[in-house]
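All remarks here apply to the structure that follows.
The values are calculated or read from the model by the stated rules, or taken from the named source; none is laboratory data. If you're wondering where the values come from, they're calculated on a predicted model, not measured in any experiment. Cβ placement follows ideal geometry from the backbone for every residue including glycine, while neighbour counts extend to all protein chains displayed. Quick note on the areas: whole protein, heavy atoms, side chains included, nothing else; ligands and nucleic acids left out. Shrake-Rupley method; radii C 1.70, N 1.55, O 1.52, S 1.80 Å.
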Amino acid sequence: MAKEKILVTSALPYANGPIHLGHLSGAYLPADIYVRYKRLKGDDIIYVCGSDEHGVPITITADKEKITPKQVIDRFHEANKIAFEKFGMSFDIYSRTSLPVHHSTSQEFFKCFYDAGLLVEKKSMQFFDEKAKMFLPDRYVEGTCPRCGNEEARSDECEKCGSLYDPSELKNPKSKITGETPVLKETSHWFFPLGKYQERLVKYVDEMNEKFGWKDNVLQYCKGWFNDGLKDRAVTRDLDWGVKVPLDGVSNKVLYVWFEAVLGYISAAKELSEKRNEPELWKKFWQDEKTKYIAFIGKDNVVFHTIIFPAMLMAWNDAKSEKYVYPQNVPANEFLNFEGKKFSKSRGWGIDVTDFLDLFPADMLRYTLGANLPENKDTDFYWKEFQSRTNGELADILGNFVNRTFTFAHKHFDGKVPAKVKSEKIDEEMLAFLSEAPKKISELIENYKIKDAIFEMMNVARAGNKYFNDSEPWKSSKTDKEKCATTINICLNTIYTLAEIFEPVIPFTSKKIFDMLDAKPTDWMNSGLANLKEGHKLNEPQILFTKIEDAVIDEQINKLPKVEETPKEIVEEISIDEFKRVKLRVAKILEAENVKKSDKLLKLQIDLGSEKRQLVAGIAKSYLPEELIGKKVLVVANLKPAKLFGVESQGMVLALDTSEEGKVKLIEIDGSIELGKTAK
């Protein structure tokens, strides 16, 4: 099989806090497993990542701690780099966006677009904090909504009532930085015409999906953005900290983080070229159409890697002769929660990677996270599951098989690989299984089904244990030495296979196993056929995994913040007659589309059986329009019509609050129930 040239990136973690387990499950562990597997196959691959080090949150942290932004990023860059190393991440380079090579790369892209006449300068009024001497992003201004009176509204949007308004309409505005009243001040920014590339981007996504099978969650995010229509995006902002806008006469403006951060993948590859003293290395991967570029991210970064970054590369390629490659696949993962809730630094909910690895070996964590990756839906990390997988799978299945085989080899064959001389049906079946297992696992990893691949890896250990038990070497060692020798030979070669196929997932353990075998990895696709030679001397066995006691896990659970009981809600009681006035009907959603100027509202066309109606529902943050078509839901059919954002709504669709802020879940009705049926 021809060797591939592969470029792999993982989303740049923001250097404003420590890495936690959720980050690992999203963008880093899946990428590392994929990269390690590809290296074992002998492919030509580089894996780049680094810290995202610009933006307002870093300046806010610096102001609060009375230190410089550089001190903030230096602290977290170094801490996260060490955490990644302890976890076993195998980046070829872990760069940072504060380096000169990144600044020059980002400025080069801006100048390319500016010189091509692509960027549009626009003026607007923006809140300015005179005490902090800075323009304020929307989320750093708070005031009273001019529509509903909500006192925690943002500068241009109220999350409570969904209203959009001009910043000048916000009542009692306050800067969240200083608490002072900001003033409106004119400013100007350059905008990238994202909408100009929509048609090409739609074609690009469709072609990549057709050729390489993109994940459904990624496609749905793209469709949502395309359906809403791509709009101009500001590429500059008023700030001191960041990549300076490279234009004469422009001061106190930097490139927007969304624009320059993704270019960190290119600048990181340039830094790698410098470190390896191979000036053309970065071009070999970034500017060769044969390169296979895979971008590993979490679902919150989909739009940047499937729409915005490709559009920027298209704009560059239109203007320059040196062409960049586009992502061939963006296998985004969903979110990992912690003990049933979102990770929350402010609530102390979760655990950082560094703290975790001070308690337990990295491979235990890598295996547990890998076996429960949120590939298609959100998943949870539970301490009890971590204990169960460590004890029941790593220790009892994998560790036990390796230990009993080595112990037997040292006791009965002087610590050497015995000859395979007497092959029976059970032996041939095990060898056939070993020859096929790496191929099956390989196919799963190639299709980014890493959780399934890990399950199949452990199945090899399960098969090894079963083969050992069924062959009964403790009996044949006394009655048929040749049969016993064949059993242990095949078991040792199974361990060889396990060391290789598990290396991408538990690399520290695999190294131990190879040391015990006194062997090195071979070609991945032939690992099941790798024969340890007769008479090969084995090293002494080591205990691979120590079981975790209940008391250790209970201690970690007891450290979690106690969840306060939700106070009993006081609700106004109504009579049965009043309730009877509410007419609840079963309806089917026929059409759904976004309401203009609102990111929360969807316009629905519904069928009540006897009539069709239009509803407006605040569910846009929970459902994409195309997800709703055909769903049967419960609606209030006799609600007085109202207008929301200028769109008439003739009723209300019922939904439940969820634990996730801003998200709801529709009350769906069984498909067999007739339209128009009354709920009682």
* Asked: Suppose every K and R has +1 on its Cβ and every D and E has -1 on its Cβ; what is the size of the dipole of region 62-107 about the Cα centre, in Debye to the nearest 20?
  -> 120
* Structure fact -> With the label point 7 Å along the Cα-to-beta-carbon line of Phe455 and a cut-off under 16 Å to each amide N, the hits in region 351-387 are 368-380
* Hey, what's the per residue convex hull volume over the C-alpha atoms of region 328-403, in cubic angstrom? -> 131
* Structure fact -> Residues whose modelled amide H sits under 5 Å from the amide H of Ser155, counting only those 5 or more places away in sequence or on another chain, are Val141
* With charges only on Cβ, +1 for K and R and -1 for D and E, what is the dipole size of the chain about its Cα centre, in debye, rounded to 20? -> 500
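First obtain the Kirkwood hydrodynamic radius of the chain from its Cα pairs, then insert it into the Stokes-Einstein equation at 10 °C and 1.306 mPa s, and state the resulting D in µm² per second as a whole number.
Value of D from the Cα-based Kirkwood radius: 55 µm²/s.
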* **Value of relative contact order over the chain, rounded to a whole percent, pairs C-alpha under 8 Å and six or more apart** => 12
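Report for the chain the percent antiparallel among DSSP-assigned beta bridges with both residues inside it, nearest 5.
Percentage antiparallel, nearest 5: 75.
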* Return the long-range amide H neighbours of Phe338 (sequence gap of 5 or more, or a different chain), with a cut-off of under 5 Å between placed amide H atoms. => Phe343, Phe381
* **Among Gly88, Phe401, Ile669 - extreme Cα towards positive end, dipole of the chain, charges at beta-carbon** => Ile669
* Structure fact -> Taking placed amide H atoms and a strict 5 Å upper bound, the residues 5 or more places from Lys253 or on another chain that come that close are Leu239, Val245
* How much length is gained if the chain between Thr354 and Lys481 is pulled fully straight, taking 0.36 nm per residue apart and subtracting their Cα-Cα distance, in nm to one decimal? -> 40.7 nm
* To do: Convert each backbone phi in region 319-330 into a coupling constant with the Karplus relation 6.51 cos²θ - 1.76 cosθ + 1.60 (shift: θ = phi - 60°), then list the ³J(HN,Hα) values in order as whole Hz, x for Gly and Pro.
  => 9, 10, 7, 7, 9, 8, 7, 9, x, 7, 8, 10
* What list of ³J(HN,Hα) values in whole Hz, one per residue of region 415-424 in order, does the Karplus curve 6.51 cos²θ - 1.76 cosθ + 1.60 (θ = phi - 60°) give from phi, with Gly and Pro shown as x? -> x, 10, 6, x, 6, 9, 10, 10, 8, 10
* Suppose R0 equals 41 Å; then what is the FRET efficiency for Lys323 and Lys223 from their Cβ-Cβ distance, rounded to the nearest 0.05? -> 0.90
* **Sites Asp248 and Asp577 - FRET efficiency at Förster radius 60 Å, r taken between beta-carbons, to 0.05** => 0.20
* **region 81-89 - phi-based ³J(HN,Hα) in whole Hz, Karplus 6.51/-1.76/1.60, Gly and Pro as x** => 4, 5, 4, 4, 5, 5, 6, x, 5
* Estimated inter-spin distance, Lys111 and Ala642, nm [label 7 Å along Cα→Cβ] -> 5.5
* **lysines whose Cα lies under 22 Å from that of Lys3, excluding same-chain neighbours fewer than 8 positions away** => Lys38, Lys41, Lys211, Lys283, Lys284, Lys290, Lys292, Lys439, Lys440, Lys449, Lys520
* To do: Would you work out which of Ser98, Thr187, Leu584 lies farthest towards the positive end of the dipole of the chain? Charges go on Cβ: Lys and Arg +1, Asp and Glu -1.
  => Leu584
* To do: Along Cα→Cβ, 7 Å out, is where each label goes; now give me the distance between the ones at Asp232 and Gln71 in nm to one decimal.
  => 4.1
* Rounded accessible area per residue of the chain, 1.4 Å, Å² -> 48
* Asked: In nm, to one decimal, how far is the modelled label at Lys3 from the one at Glu78, with both set 7 Å along Cα→Cβ?
  -> 3.7
* Residue-averaged 222 nm ellipticity for the chain, from DSSP H runs of 4+ at -39500 (n - 2.57), nearest 500 -> -11500 deg cm²/dmol
* To do: Check the straight Cα-Cα distances from Lys422 and name the lysines below 26 Å, setting aside those fewer than 8 residues away within the same chain.
  => Lys411, Lys466, Lys475, Lys478, Lys481, Lys483, Lys533, Lys537
* **Of the trypsin sites (Lys or Arg not before Pro) in region 143-211, those whose Cβ has at most 15 other Cβ within 10 Å and which sit in DSSP loop** => Arg147, Lys160, Lys176
